[in-house]
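None of the figures in this text is laboratory data; all of them are computed from the coordinates on show. No experiment lies behind these values; they were computed from the predicted model shown. Virtual Cβ from ideal backbone geometry, glycine too; neighbours counted across all protein chains shown.
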Amino acid sequence: MLGVSSLFLLLLLTLSVVGFSQHTPKLSRDDFPPGFILGAGTSAFQVEGAVAEDGRSPSVWDAYTQAGKMMDKSNADVTSDQYHKYKEDVKLMSKMGLDAYRFSISWSRLLPHGRGAVNPKGIQYYNNLIDELISHGIQPHVTIHHLDLPQILEDEYGGWLSPKIVEDFTAYADVCFREFGDRVAHWTTLNEPNAVAVVSYDMGFLPPQRCSYPFGFNCTVGNSSVEPYIVVHHALLAHASAATLYRQKYQAKQKGLIGLNVYSYWFIPLTNSTADVNAAQRALDFSNGWIVHPVVYGDYPEIMKKNAGSRIPSFTRSESEQVKGSIDFLGVNHYTTAYIQDDSNGPKSNVRDFNADMFAKFQFSKDDSPSGQILPIKMPVVPSGLQSLLEYYKNDYGNLPIYVQENGFGGPQNESLNDTARAEYISGYLNATLSAIRNGSNTKGYFVWSFLDVFEFLAGYVQRYGLYHVDFKDKTRSRQPKFSAHWYADLLKKSQEMKIEMATQQAMAHPTQ
C-alpha cells in the first residue's frame, strides 16, 4: 500500500474537503485587469461520450475503463454526452457569461490510426464546436492532448515511452493547427505531463498502468525508477517540436499563442527548520520545476539531475535550445497546498523512484501522519497557496504569462444544487489570484474545473466538480445550474455588459457604408 507521501496521490484521491479558515472578500469583475479571462473547462474523454461513433478509435482510457478498473466500475462511453449536446452547452456558457471555454481535442477522434488519414467527421465536430463558441462570443482555449492517447500507439510502440511519439504528436498537432488555428488563439500542447508520468508510470494506478515493486500497484510491466523520467522527457520534446512547428508555419498568420500545462502544488515546510525549508524547495523543483525549468532554462533542475543521476535523460544541445523558450504562456492546474518534511536522513536504497529521489515526506496538514494510510484523504482549502505559487513562478521563472487552467472543488455523488462551498472555494482562489496580480504576477486568466459534471479520472461519477449538475441516470443527461453557476454568472455580468458596450462603440466607430 502506498503512503500519503506520494506527490501526486491527491490527483487521484480528492475525496473530501476541509473548509475555509478565513473570510473571502466579495469579488467584482471590475477588480480584474482589462482583458483578464474568466472561463471554465472540461476535456474530451471526460465530457464528450460517443466513444465509438463517427470513426473514433479507442484511447488508453477506453481500454482501462471498459475493463472495469474504475473505483465505481464506470466508463465514459456516454458521460455528459457533449458530443451530441454541444449546442445546448454553449448556450449555457453564453447565458452564464463565460469569456472562454477550455476543452481538449480527442486524438483518437481526429486521427483514428494515431497518424495518417484524418477523420472528416472528427474535423467537422470540432469545427462545429469552435464555430458555435465564437458565434456566442466565447473564446476557444484548446488543449491538444489531455491524457487520452490513442490505444493503437500504445500497442504499437509503448506510447510516451518511445521517441517515436515526438513525430506522431507533432503531426497530430499540425492537423489541429491547420484545421482550427484560424479561429483558435490559445493552444496548450499537453495537460499535466508531470502528474501522468508519476501516476501512470511510477505508481501504475492509471493507464497504461506501468510500475515496478515496491513503488506501484500490482503492475505486471514497467520500471518505476526510470520510466517516469523517460515519459516527461519525450513529452517535453514533443511539446517543443509542436511549438516549433506552430511558430515556423502558423503563428505569424494565425497570431495565436502556444503553451504547456503543469500540475502545480504549493508546498509549505512542515517546520521552520533549514532541513524542511530545503525539502520544500526540492519538492517544488521535482514537481513543478520538472516541467517549467526546461521550458524556461533549457534543462532540468540541478537537484533532479543530481538525485536521479543517469536515470533522468539528458537533452542534447539542439534539444535544449528547442525546449528553452518554447512557451508563450504557462498553463497551471492547482487544487491544493501540502506540507513537506525532510527525509534526507531516512532509509536509503539503491533502487529509488521519483518520490524517493526527492528525499521528502508529503502530507496535507501538520497533524497528518506520513505513514501508510491512503484513505480518507482530506484536501485542504488554502487559497493563499495559489497566490504563493503564482508569485513563485513570477520570481523564479521570469514572470511568464500564466493561465490558471484548472482549479475546482470536488463534491460528493449525491451533491445538492445548493453547492455554496464550491462558490466559496472559487471565490477564495480568485481572490488569491487577484492578490498575486496586484503583487506583479502576469496571470492572464482563470478557468473553473469544471463547467459541468463529467467523468472524473479515477473517481468516475463518485465525485462532481461541475458548475452545472448532470443527471447521469437520465438518458438525456439533463443539466441543471448549481448555486455556484449562478454565483459565477453574477460575477461575470459586468463582463457581458462590457462586451455589449464595446460592440456598440465599435459599431458606432465603423458604421455600415
Fill in the blank from the handout: Of all DSSP beta bridges having both residues in the chain, the percent classed as antiparallel (nearest 5) is 20
Practice task
Rank A117, I340, A283 by how far each Cα sits towards the positive end of the charge dipole of the chain (+1 on Lys, Arg Cβ; -1 on Asp, Glu Cβ) and give me just the farthest.
Solution key: A117
Handout entry: Positive-end residue of F45, Y101, W160, charge dipole of the chain with Cβ unit charges
Key = Y101
Handout entry: Extended-chain gain in nm, criterion 0.36 nm per residue less alpha-carbon gap, R247 and K95
Key = 51.2 nm
Exercise for the section: Multiply the residue gap between F483 and E302 by 0.36 nm, knock off their C-alpha separation, and tell me the result in nm, one decimal place. Expected result: 60.5 nm
Problem - Unit charges on C-beta of K, R, D, E only; dipole of the chain, Debye - result: 520
Exercise for the section: For A52 and K87, compute 0.36 nm times the residue count separating them, minus their Cα-Cα distance, and round to one decimal in nm. Expected result: 10.5 nm
Problem - Inter-site label distance for T274 and N218 at 7 Å from Cα along Cβ, in nm - result: 4.6
Exercise for the section: Take peptides 293-300, 101-108 and line them up by average Cβ neighbours within 10 Å, highest first, as a rough protection proxy. Expected result: 101-108, 293-300
Completion exercise
Given 150-159, 115-124, the highest-first ranking by average Cβ count within 10 Å works out to 150-159, 115-124
Completion exercise
E321 and D31 label points (each 7 Å along its Cα→Cβ direction) are spaced in nm at 4.7
Practice task
Run through all the Cα pairs of the chain and give the fraction in each 10 Å bin from 0, expressed as whole percent.
Solution key: 4, 19, 32, 29, 13, 2, 0, 0
Completion exercise
From DSSP H assignment alone, runs of 4+ in the chain each adding -39500 (n - 2.57), the sum over residues rounded to the nearest 500 puts [θ] at 222 nm at -12500 deg cm²/dmol
Exercise for the section: Would you work out if segment 58-152 is rounded, prolate or oblate? Take a ≥ b ≥ c from the square roots of the eigenvalues of the alpha-carbon gyration tensor; rounded if a/c is under 1.5, else prolate when a/b is larger than b/c, oblate otherwise. Expected result: oblate
Completion exercise
Among segment 424-458, those whose backbone N falls under 20 Å of a label point 7 Å along Cα→Cβ from N399 are 432-446
Problem - FRET E, pair T476, R183, Förster distance 41 Å, beta-carbon r, rounded to 0.05 - result: 0.90
Handout entry: Any cysteine of the chain lacking a neighbouring Cys Cβ under 4.7 Å - listed by number
Key = C176
Completion exercise
Packing-ranked peptide list from 222-228, 451-457, highest mean Cβ count within 10 angstrom first, is 451-457, 222-228
Fill in the blank from the handout: Inter-part gap, Cα centre of segment 45-112 to Cα centre of segment 274-312, in whole angstrom, is 34
Handout entry: Net charge of Cβ neighbours under 12 Å - reference M96; Lys, Arg +1; Asp, Glu -1
Key = +2
Handout entry: Distance in nm between pseudo-label sites at D155 and K73 (7 Å out along the Cβ direction from Cα)
Key = 2.6
Problem - Reachable lysines from K473, criterion Cα separation under 20 angstrom, eight or more residues apart if same chain - result: K73, K85, K482
Fill in the blank from the handout: In segment 182-340, lysine pairs 8 or more places apart or on different chains with C-alpha atoms under 25 Å apart total 5
